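Have a look at the structure below, then the notes.
The values are calculated or read from the model by the stated rules, or taken from the named source; none is laboratory data. No experiment lies behind these values; they were computed from the predicted model shown. Reconstructed Cβ throughout: ideal geometry from the backbone, glycine too, with neighbour counts over all protein chains shown.
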Amino acid sequence: MRTNRCRWMTALLAALAGAMAHGARAADAGATYGAHWKRWQVQVNVADLASLQRGARDFVGYCLGCHSLRYERWSRLGKDLKIPPAVLQKDLIPPGQKPQDYIISPMTADAAKWFGKQPPDLSLIARYRGPNYLYRYLKTFYVDSARPTGVNNLVYPSVAMPDVLSSLEGLKVAVYRTVEVPGPHGTTLKRQVFAHFRQIAPGSMTRAQFDQFVHDTVNFLYYVSDPQRAERHRLGVWVILFLIAFTWLAWLLYREYWKDVR
């Protein structure tokens with residue numbers, strides 16, 4: 001009897017959680033946000049293994065189809081992120097690839113024909129562009145029927161990449177407002193300035209869940225751009241402690257040598 005009651009309560013809580021998530025996603029539709037998108041920042045942390053593991057999973061699921069990480073091996077990724085070899089092979093490594101292989105996209109040579117250019121390798125993108133750039137880029141896609149892919153991007157106007165995360169985030173449009181700016185010879189010109197995004201269709205995630213998804217993906221790319229960074233941080237603590245101890249010993253030695261010198 002008690003077991004059945006516990007199961008019933010578990011099922012009820014799960015249903016309530018699902019209803020709340022669905023309600024939150026529905027509430028996002030029609031909402032406006034993003035007026036200050038240029039101030040958006042992401043806190044990266046290569047010591048957060050849970051975030052890096054989720055980011056690796058998300059990269060494989062949504063990015064690896066087009067983008068490679070040609071300076072990172074699967075085996076190195078598994079070692080750094082403490083992913084068991086069996087899990088790495090089963091859930092992350094594509095069929096036909098081995099742990100010692102570099103992380104190469106299976107995208108065919110037709111990619112340039114499909115998108116107008118070859119999708120770039122993302123091994124060093126976080127070092128080149130910075131994590132904040134990537135975070136804003138992934139969060140500022142919007143519907144634009146004038147573009148071949150049907151979407152555009154505030155960070156990278158006329159972007160060739162489709163919005164592969166739209167099923168998670170949902171669809172949004174960019175709303176512009178007209179402002180007057182000084183023109184030549186005392187004239188006044190009218191210019192369209194971005195005002196905010198308006199959600200027109202919900203995705204499978206709430207806005208908070210999608211923010212976490214993008215954070216984990218950017219955090220993973222930040223790790224990939226310099227896999228030694230976490231090790232340097234760990235060693236740096238011991239180096240600082242050694243220097244403190246060495247300074248203390250040097251001071252004791254100095255005091256011993258000069259104690260009779262007045």
Residue count for the range 169-207, restricted to those that are in contact (Cβ under 8 Å) with a residue 40 or more places away in the chain and not basic (Lys, Arg): 15
Test for Tyr142: is it touching a residue at least 24 places away in the same chain (Cβ under 8 Å) and within 16 Å of the chain's Cα centre (by Cα): no
Any hit, the range 83-93, residues being in the same structural domain as Leu165 (by TED's automatic domain parsing) and under 18 Å from the mean Cα position of the chain (by Cα): yes
Filter result (part of a helix (DSSP H, G or I) and either on the phi > 0 side of the Ramachandran plot or aliphatic (A, V, I, L, M) (or both)) within the range 195-231: Ala208, Val214, Val218, Leu221, Val224, Ala230
Among the candidates Met161, Met107, residue that is touching a Gly at 6+ places or on another chain (Cβ under 9 Å) and not β-branched (Val, Ile, Thr): Met107
Which listed residue is touching a strand residue (DSSP E or B) at 6+ places or on another chain (Cβ under 8 Å), modelled with pLDDT under 95 and closer than 30 Å to Asn45 by Cβ, from Asp121, Asp163: Asp121
Residue within the range 42-58 that is at pLDDT below 95 and of a type in the set (Lys, Arg) present: no
Spans of helices (runs of 4 or more DSSP H) in the range 87-162 with at least 3 residues under 29 Å from Arg198 (Cβ atoms): 131-139
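Sort out which residues of the range 159-205 are among the polar types (S, T, N, Q) and either surrounded by 16 or more Cβ atoms within 10 Å (Cβ to Cβ) or outside the structural domain of Gly65 (by TED's automatic domain parsing) (or both), and write them in order of number.
Answer for the range 159-205, where residues must be among the polar types (S, T, N, Q) and either surrounded by 16 or more Cβ atoms within 10 Å (Cβ to Cβ) or outside the structural domain of Gly65 (by TED's automatic domain parsing) (or both): Ser166, Gln199.
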Residue in the range 222-262 that is surrounded by the fewest Cβ atoms within 10 Å (Cβ to Cβ), counting only those that are touching a helix residue (DSSP H, G or I) at 6+ places or on another chain (Cβ under 8 Å) and modelled with pLDDT under 85: Arg229
Subset of the range 169-194 (residues that are under 18 Å from Asn152 (Cβ atoms) and either among the acidic types (Asp, Glu) or part of a helix (DSSP H, G or I) (or both)): Glu169
Condition broken by Gln97, with the remaining ones in (1) over 20 Å from Ala160 (Cβ atoms); (2) in contact with an Asp or Glu (Cβ under 8 Å, 6 or more places away or on another chain) satisfied: (2)
Every residue from the range 63-86 that is touching a residue at least 12 places away in the same chain (Cβ under 8 Å), over 21 Å from Val46 (Cβ atoms) and not in a loop (DSSP other than H, G, I, E, B): Pro85
Of the criteria (1) over 19 Å from Pro120 (Cβ atoms); (2) at pLDDT below 95, which one Cys66 fails: (1)
